[in-house]
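Data block below; observations after.
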Amino acid sequence: MSSSSSTSRNQLKVTHVQSQEGVKVCDCVVPAKERTCWKITNPGRRFWNCQNSMTRLRKCSFFEWKDEEQADGYYKNLLYSLKQKLDAKDEMSEMNNLRRRIAEVEFLLSQEQYKVAKIEKEVHDAMKAIGRYRMIVALLVGCLTLCVLKLGGSM
């Protein structure tokens, strides 16, 4: 068990950091998580911090660099720019996936719109047929009425 003091960029301090079999453990007795920084100041630099520091509770402020800081210069800038390009490619890939999904949904929508239009036409045709049948029934009722009146008047 070792005890040390760590300071993050925000000047947060934690004491009593323990290391158990290569795993950092802080005051809240949660194994620290190894992460990688991708900010321009420390691209690719690895660090440990408490898993609770990324939650809303932020109970623990443990932070400790794993790697030594790189000197400013070409490689540090190159690493940062390569990460930016990789992120941009990931974003483009995600955008392409979303565009493909939009095209699929638009195709499905057009199929559904076609089905709706077809059903609307069938309903319209059925309404026309019902109108014709009503007219035929009305004519038949009229004819029957005339027949009844003529027969009733001749007796």
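The values are calculated or read from the model by the stated rules, or taken from the named source; none is laboratory data. Quick caveat: nothing in here was measured; it's all calculated off a predicted structure. A quick note on method: Cβ atoms are made from the backbone with ideal geometry, for glycine too, and the neighbour counts reach across all protein chains shown.
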Exercise. Within segment 78-133, which residues are of a type in the set (D, E, K, R) and within 30 Å of THR41 (Cα to Cα)?
Worked result: LYS83, LYS85, ASP87, LYS89, ASP90, GLU91, GLU94
For this session: Considering only segment 1-54, state which residues are at pLDDT below 65, surrounded by 15 or more Cβ atoms within 10 Å (Cβ to Cβ) and assigned to a loop (DSSP other than H, G, I, E, B).
Result: SER8, LEU12, VAL17
Seminar exercise, completed: Apart from one, (1) surrounded by 10 or more Cβ atoms within 10 Å (Cβ to Cβ); (2) on the phi > 0 side of the Ramachandran plot all hold for GLY73; the odd one out is (1)
